[in-house]
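The values are calculated or read from the model by the stated rules, or taken from the named source; none is laboratory data. Computed from a predicted model, the values in this text were never measured in an experiment. Here the Cβ positions follow ideal geometry from the backbone for every residue, glycine too, while neighbour counts run over all protein chains shown. Areas reflect the complete protein model, heavy atoms only, side chains present, ligands, DNA and RNA absent. Shrake-Rupley method; radii C 1.70, N 1.55, O 1.52, S 1.80 Å.
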Amino acid sequence: MESKRILLTGTRSATTLDMARHFHAAGHTVVGADTSPHTVCRYSKAVAEHVAVPSPRHDTKGFIAAINRTIGEKKIDVFIPTFEETIYVAQHRDKISADCRVICGKFESVRRLHSKWLFIERLKELGFPAVRTELI
């Protein structure tokens, strides 16, 4: 398999660190991005570079611009957003550079899985047992 340059967000998480380690072990180059310049992934040998990006929640436009800039400057082949960034990427997917593959579901699917209320409602629709839930 051809080596890829992979951009991961949410590098403050141990889960993202685990992903980075797996990609690195498979021979890929991992670039990390997070709102904090000091994350668990930044100090890992599995992550070649780390960039600080604006908060997708508080500055969505700035976040998308920073991701696109990183894709171009770092020659990213695959972009994998994680955690809350995923919902913003899904919502603004059409604004993400076409120069790389974005691994992220469509907004409606991501929203349905991200919202605890919608997720529980979907479980009920599919006939699975679900905890009693109130929407506040």
Notebook entry, point to check: Could you work out Rg/(2.2 N^0.38 Å) for the stretch 44-88, with Rg from alpha carbons only?
Noted result: 1.17
Notebook entry, point to check: Rounded if a/c is under 1.5, else prolate if a/b beats b/c, else oblate: with a ≥ b ≥ c from the C-alpha gyration tensor eigenvalues square-rooted, which is the chain?
Noted result: prolate
Item checked: Solvent-accessible area, 1.4 Å probe, carbon plus sulfur percent, for the stretch 59-106 -> 49 percent
Notebook entry, point to check: With every protein chain present, what is the per residue accessible area of the stretch 4-76 (1.4 Å probe, Å²)?
Noted result: 50 Å²
Check: Against the longest alpha carbon principal axis of the chain, how many degrees, from 0 to 90 and to the nearest 10, is the axis of helix 116-125 turned?
Finding: 60 degrees
Next item on the list: Working with all protein chains in place, sort Met19, Met1 by solvent-accessible area computed with a 1.4 Å probe, largest first.
Entry: Met1, Met19
Item checked: Net lengthening on full extension, Tyr43/His58 (0.36 nm per residue, minus Cα-Cα) -> 2.8 nm
Margin query: Give the residue list of trypsin sites (Lys or Arg not before Pro) in the stretch 14-99 that are DSSP loop and have at most 16 other beta-carbon atoms within 10 angstrom.
Written below: Lys45, Arg57, Lys75
Next item on the list: Please work out how many pairs of lysine residues in the chain are eight or more positions apart (or on different chains) and have Cα atoms closer than 15 angstrom.
Entry: 5
